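The values are calculated or read from the model by the stated rules, or taken from the named source; none is laboratory data. From a predicted model like this one, the values you see are computed outputs, not experimental measurements. Here Cβ is always computed from backbone atoms with ideal geometry, including for glycine, and neighbour counts include all displayed protein chains. We work out accessible area using only protein heavy atoms, side chains counted, and drop any ligands, DNA or RNA first. Shrake-Rupley method; radii C 1.70, N 1.55, O 1.52, S 1.80 Å.
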Amino acid sequence: MEAEKKTPVVSDLGAWGMNVVSSVGIIMANKQLMSSAGYAFSFATTLTGFHFTITALVGWISRATGYSASKHVPLWELVWFSLVANTSITGMNLSLMLNSVGFYQISKLSMIPVVCLMEWVINSKHYTTKVISAVVVVAAGVGICTVTDVEVNAKGFICACVAVFCTSLQQITIGSFQKKYSIGSFELLSKTAPIQAVSLIILGPFADYYLNGQWLFNYSFSTGATFFILLSCSLAVVCNMSQYLCIGRFSATSFQVLGHMKTVCVLILGWILFDSALTIKNILGMLLAIMGMVVYSWAMESEKKATAPIPRNKSDMLDGEDVPLKSRLSGLPSELDLEEGPMKS
């Protein structure tokens, strides 16, 4: 019985751990692949298409070998979801290109309140004051860490709004689909990945040409670049899988909070591996974000305990129904009855 209680906790920690390690790892790999000091592979949208291609291949192998089952999800819903997800990816890339890094970070921070608002509208979900306060602390800490110069223009602002809306809607839809169709995270990912892969492979080179003025076909693929592309794709499979798993098991809001903690990890690893500058302002912001994450975890745990049903003792139940204590006592034999002999029916 104790093992059954502990299993979900271990699985939850494993899901969080998978997402943090794979997300931070893919960022580090992509930084080496895409930076001018690395292999200058500046085709982010096409690279995402590669990611979903490998993910779709892994999903197909999993189904072919019988490791995972296939459940029906209407094609139009899969196409709609893929359209929203691809718009999110393209919108984020355009927002980064047209806006300053500072405004790009602010737009990412704005996803938490947008996700909370959309979950309230779509799923009628309510948040306690403790949870809201913790989310504000996390966002403030990450903002202090990352936001520097803030410049915005009309086109960039529109792209940022579209990206934030589509990303928030995508993450909420992942959880909704899993509950609506009783489908596992990996099975759902296996169904959406092929559609996203085909569309991004076809449209990705054109989107990247618009973003950086370079054609993918003119890029010289070296051994090192190919290795980091494959590494990035391998990590993306784990990252995508854990993302669907975390959102399905927890919520889109919790996933956003986790995402900001990954930002802190990236800043620390960037300082260790790439000699990135780390100022007192960055350190204070990271400490504030970590404190917010601790408070958020405590608030969510308190909320779970407050809403959890009170377990009933089987000894207090008769014929599957609750029976008042007085009625139960009145049905018991008295001391005199026990002395006189067995009860009569």
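Out of all the residues in region 94-103, is one or more out of contact with any Pro (no Cβ under 8 Å at 6 or more places or on another chain), open to solvent by 30 Å² or more (accessible area, probe 1.4 Å), at pLDDT below 85 and under 29 Å from GLY184 (Cα atoms)? Looking for residues that are out of contact with any Pro (no Cβ under 8 Å at 6 or more places or on another chain), open to solvent by 30 Å² or more (accessible area, probe 1.4 Å), at pLDDT below 85 and under 29 Å from GLY184 (Cα atoms), one finds none in region 94-103, hence no. The residues of region 268-294 include none that are surrounded by 20 or more Cβ atoms within 10 Å (Cβ to Cβ) and at pLDDT below 70. If we scan region 39-59, do we find a residue that is surrounded by fewer than 18 Cβ atoms within 10 Å (Cβ to Cβ), modelled with pLDDT of 85 or more and not in a helix (DSSP H, G or I)? Yes: region 39-59 contains one or more residues that are surrounded by fewer than 18 Cβ atoms within 10 Å (Cβ to Cβ), modelled with pLDDT of 85 or more and not in a helix (DSSP H, G or I).
Taking the condition open to solvent by 40 Å² or more (accessible area, probe 1.4 Å) and modelled with pLDDT of 90 or more, does LEU216 pass? For LEU216, the condition - open to solvent by 40 Å² or more (accessible area, probe 1.4 Å) and modelled with pLDDT of 90 or more - is not met.
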